[in-house]
Amino acid sequence: MKWKNIQFGELEFEEKHVLNFPYGLIGFEENRKFLVVNDEESEPFRWLVSLDDPELSFPMIDVSTYSEISNKYFPKENVTLFAVASIKEHFDESTVNMRSPIVIDNADRKGKQIVLDDDVLMVRTPLTSFTPVLME
């Protein structure tokens, strides 16, 4: 299959790579089908690209190894956790949303953005706190 995205141009993918978000994302509930795009120029970020809107994509960072949320809230096997990033011109001002991670069940290819009721997790967690993850 092919899809044209404003950021990446024409993307080729197989149906098995499509992620289904039955409830969409917060603020983008009408967007239900996405791809995770690995762009070498953007590493360690990945992009959640909408297949419903060619102009919509979100930079994310894999936080599956961030035990503060993965062990406490998502101990299930075969789940990947992403946090949406807000990239600023000055990198040290960039943040990630740890309060509302994107959870992907790799077995059934379904995703969901979940708002966690935990005051320790911030919507604007400094990206610099993930320096070890970013250096891998």
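The values are calculated or read from the model by the stated rules, or taken from the named source; none is laboratory data. These numbers come from a predicted model, not from an experiment. Cβ: placed from backbone, ideal geometry, glycine included. Neighbour counts: every protein chain shown.
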### Query
Picking from 64, 70, which residue would you name as being at pLDDT below 85, surrounded by 14 or more Cβ atoms within 10 Å (Cβ to Cβ) and assigned to a loop (DSSP other than H, G, I, E, B)?
64
### Query
Is it the case that residue 59 is at pLDDT 85 or above, surrounded by 13 or more Cβ atoms within 10 Å (Cβ to Cβ), assigned to a strand (DSSP E or B) and of a type outside the set (A, V, I, L, M, F, W, C)?
yes
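Of 109, 99, 46, which residue is in contact with a strand residue (DSSP E or B) (Cβ under 9 Å, 6 or more places away or on another chain) and at positive phi? It would help to see each step written out before you state the result.
Numbers: 99 fails: at positive phi; 46 fails: at positive phi.
Step by step, each of 109, 99, 46 is checked, and only 109 is in contact with a strand residue (DSSP E or B) (Cβ under 9 Å, 6 or more places away or on another chain) and at positive phi.
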### Query
Would you say residue 34 is among the hydrophobic types (A, V, I, L, M, F, W, C), within 23 Å of residue 129 (Cβ to Cβ) and in a strand (DSSP E or B)?
no
#### Entry: Tally, over region 119-136, of residues that are part of a loop (DSSP other than H, G, I, E, B) and either modelled with pLDDT of 85 or more or loosely packed, with under 13 Cβ neighbours inside 10 Å (or both)
6
### Task
Can you run down the residue pairs with Cβ atoms below 6 Å, 6 or more apart or on separate chains, where the first is in region 91-117 and more than 20 Å from residue 77 (Cα to Cα) and the partner is among the β-branched types (Val, Ile, Thr) and not in a strand (DSSP E or B)?
92/128; 94/87; 97/123; 99/123
